[in-house]
Ligand SMILES: [Zn+2]
């Protein structure tokens, strides 16, 4: 399948699917409690939700960058499909000069690494949201976090060993002409989305602010156990969906299927095509 880029401002944006993640319904939680969660699960009627795992490539006048990397080879043979797909579009490890991470979870960052733990991208600087670097870089905090939410500490450690001084702490605001980092905290403390300014409409790569479009669009209070702060996650999700609908932004995400737009629906929101 040919991967078509979307042009936003001075950039061409590609989305690459790295594999599918099976989110079991036991991973769900609901801000209104167990009963609300159980009825959402009942309405869904299946035992799991299959989620795309995505990363993005951005080609611009200053070169090639990625937003996230997929899981690389760390999550077994059902992942790692983004690498050959990127190569087919001319994004080789050598041509990538920057990787913007949305947050420090394995499905977004393990593609930074070779099997032996060395850097997969020999020429890239790695930009990491500052609050994720501070949090997941602090090993003492590991024990304070439930087991299902600890993956980021291991990712931070491995990334540090592979990239060292090529890791840079990223704050909210402009990064390059036409690209800005937008804080989307909750899923992790520092999660950032990336907003690209277009002539007609902007694009927001909303990271994991919206995980499970099939369920959370209609019910934004529904979350996954991987959300470090469920209350903040839901607030971020709702605010992001409202803004995306209001401004007709094109959206892409770590676990959405391709690009689309957000509209208000009778209950909550829905995602439409472009
Ligand atoms: Zn994710």
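In region 98-107, what count of residues is obtained for those that are in contact with a helix residue (DSSP H, G or I) (Cβ under 8 Å, 6 or more places away or on another chain) and in a strand (DSSP E or B)?
Within region 98-107, residues that are in contact with a helix residue (DSSP H, G or I) (Cβ under 8 Å, 6 or more places away or on another chain) and in a strand (DSSP E or B) number 1.
Regarding region 106-114, can at least one residue be identified that is buried (at least 17 other Cβ atoms within 10 Å of the Cβ), at pLDDT 95 or above and more than 16 Å from the ligand (Cβ to nearest atom)?
Yes, the conditions are met somewhere in region 106-114.
Tell me, which residue of region 188-211 that is under 19 Å from residue 263 (Cα atoms) and modelled with pLDDT under 95 is nearest to the ligand (Cβ to nearest atom)?
Taking the candidates together, the pick is 211.
Out of all the residues in region 212-226, which are touching a strand residue (DSSP E or B) at 6+ places or on another chain (Cβ under 8 Å) and within 16 Å of the ligand (Cβ to nearest atom)?
Of everything in region 212-226, those that are touching a strand residue (DSSP E or B) at 6+ places or on another chain (Cβ under 8 Å) and within 16 Å of the ligand (Cβ to nearest atom) turn out to be 212, 213, 214, 215, 216, 222, 223, 224, 225.
Here's the yes/no breakdown for (1) closer than 29 Å to residue 12 by Cβ; (2) buried (at least 21 other Cβ atoms within 10 Å of the Cβ):
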site: 179; (1), (2): yes, yes
site: 184; (1), (2): yes, yes
site: 199; (1), (2): yes, no
site: 218; (1), (2): no, no
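Let me spell it out: the conditions are (1) surrounded by fewer than 18 Cβ atoms within 10 Å (Cβ to Cβ); (2) in contact with a helix residue (DSSP H, G or I) (Cβ under 8 Å, 6 or more places away or on another chain); (3) touching a residue at least 40 places away in the same chain (Cβ under 8 Å), and residue 232 meets all of them except one. Which number is the exception?
(2)
Considering only region 255-274, how many residues are in contact with a helix residue (DSSP H, G or I) (Cβ under 6 Å, 6 or more places away or on another chain) and within 16 Å of the ligand (Cβ to nearest atom)?
1
Which of the residues spanning region 44-71 are more than 16 Å from the ligand (Cβ to nearest atom) and either in contact (Cβ under 8 Å) with a residue 24 or more places away in the chain or within 17 Å of residue 256 (Cβ to Cβ) (or both)?
The answer is 44, 57, 58, 59, 60, 61, 62, 63, 64, 65.
The values are calculated or read from the model by the stated rules, or taken from the named source; none is laboratory data. Remember, predicted model here, so these are calculated numbers, not experimental data. Backbone-built Cβ (ideal geometry, glycine too); neighbour counts: all protein chains shown.
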